[in-house]
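Comments concern the structure below.
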Ligand SMILES: CC(C)(COP(=O)(O)OP(=O)(O)OC[C@H]1O[C@@H](n2cnc3c(N)ncnc32)[C@H](O)[C@@H]1OP(=O)(O)O)[C@@H](O)C(=O)NCCC(=O)NCCS
């Protein structure tokens, strides 16, 4: 029987109630880039700036939410409503989520996920999807805990030779 918690992490500092979920703004960019680089080992400032600007330009369709504790950014989530991609009716996609390692296992990720789902519902969509790496046990455990299940699509790919 697989264990529920495959990866251990320290309990979060501070109660979830101290965390405020809000839309990201340009002053959050530096902290977002830093947290992503810490999480993935790859800094991509242009990518995050582009997503942030998209969420400001299309606030009813693209969502970039942050979790704040006081003036510190403790996490973020990026979601977008896409219509008819792969033949699918409009649905919400979660493209990225990250929580500061010092604040994990304190429900920050769950609150970010709830908040983006709330935005999706308000916009009228009834399905949320994401894509994860097969070997990312942590992300899999997290999304399963949010009620996400395997969906009807599979990803295909191939290397493109020159
Ligand atoms: C996945 C992540 C967002 C979870 O954030 P979090 O705030 O710690 O999550 P929560 O406290 O809301 O946890 C909700 C549930 O997820 C699961 N979960 C979270 N962390 C887990 C862990 N380390 N091991 C196993 N299950 C875990 C649990 O079921 C947990 O519920 P429980 O505490 O009642 O058991 C966070 O660990 C993270 O940022 N990881 C790196 C993400 C990443 O690689 N992002 C880049 C690609 S998008």
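Residue 37 meets the conditions (1) within 14 Å of the ligand (Cβ to nearest atom); (2) part of a helix (DSSP H, G or I); (3) in contact with a helix residue (DSSP H, G or I) (Cβ under 8 Å, 6 or more places away or on another chain); (4) free of Cβ contacts under 8 Å to residues at least 24 places away in the same chain in every case but one. The failed one is (3). Residue pairs whose Cβ atoms lie under 6 Å apart, separated by 6 or more positions or on different chains, with the first residue in the range 131-153 and in a loop (DSSP other than H, G, I, E, B) and the second within 7 Å of the ligand (Cβ to nearest atom), are 132/139.
Residue 37 satisfies every condition listed in (1) within 24 Å of residue 136 (Cβ to Cβ); (2) modelled with pLDDT of 95 or more; (3) in contact with a strand residue (DSSP E or B) (Cβ under 9 Å, 6 or more places away or on another chain) except (3).
Answer yes or no: is there a residue in the range 71-88 that is surrounded by fewer than 15 Cβ atoms within 10 Å (Cβ to Cβ) and either part of a strand (DSSP E or B) or at pLDDT 95 or above (or both). Walk me through how you get there before you give the answer.
Keep residues of the range 71-88 that are surrounded by fewer than 15 Cβ atoms within 10 Å (Cβ to Cβ), which gives 71-72, 83-87.
Of the ones still in play, those that are also either part of a strand (DSSP E or B) or at pLDDT 95 or above (or both) are 72.
Yes, that holds for at least one residue.
Taken together, the criteria place residue 131 among residues that are exposed (fewer than 15 other Cβ atoms within 10 Å of the Cβ), more than 11 Å from residue 75 (Cβ to Cβ) and touching a strand residue (DSSP E or B) at 6+ places or on another chain (Cβ under 9 Å).
Hey, can you tell me all the residues within the range 115-130 that are near the ligand (Cβ under 9 Å from one of its atoms) and in a helix (DSSP H, G or I)?
Restricting attention to the range 115-130, the residues satisfying the condition of being near the ligand (Cβ under 9 Å from one of its atoms) are 130.
Listed by number, the list is empty, since nothing qualifies.
Apart from one condition, residue 110 fits all of (1) over 19 Å from residue 38 (Cβ atoms); (2) within 16 Å of the ligand (Cβ to nearest atom); (3) free of Cβ contacts under 8 Å to residues at least 24 places away in the same chain; the exception is (3).
Quickly run through the range 55-70 and pick out the residues that are in a helix (DSSP H, G or I) and within 19 Å of residue 117 (Cβ to Cβ). Give the steps one after another, and end with the answer.
In the first step, residues of the range 55-70 are kept if they are in a helix (DSSP H, G or I); the result is 55-57.
Result: 55, single match.
Within the group 49, 30, which residue is surrounded by 13 or more Cβ atoms within 10 Å (Cβ to Cβ), assigned to a helix (DSSP H, G or I), away from the ligand (no atom under 15 Å from the Cβ) and free of Cβ contacts under 8 Å to residues at least 40 places away in the same chain? That would be 49, the only listed residue that is surrounded by 13 or more Cβ atoms within 10 Å (Cβ to Cβ), assigned to a helix (DSSP H, G or I), away from the ligand (no atom under 15 Å from the Cβ) and free of Cβ contacts under 8 Å to residues at least 40 places away in the same chain. For residue 96, are the conditions met, namely being surrounded by 15 or more Cβ atoms within 10 Å (Cβ to Cβ) and assigned to a strand (DSSP E or B)? Yes, satisfied.
The values are calculated or read from the model by the stated rules, or taken from the named source; none is laboratory data. Just so you know, these numbers come straight off a predicted model, no measurement behind them. No Cβ is skipped: glycine too gets one built from the backbone with ideal geometry, and neighbour counts run over all protein chains shown.
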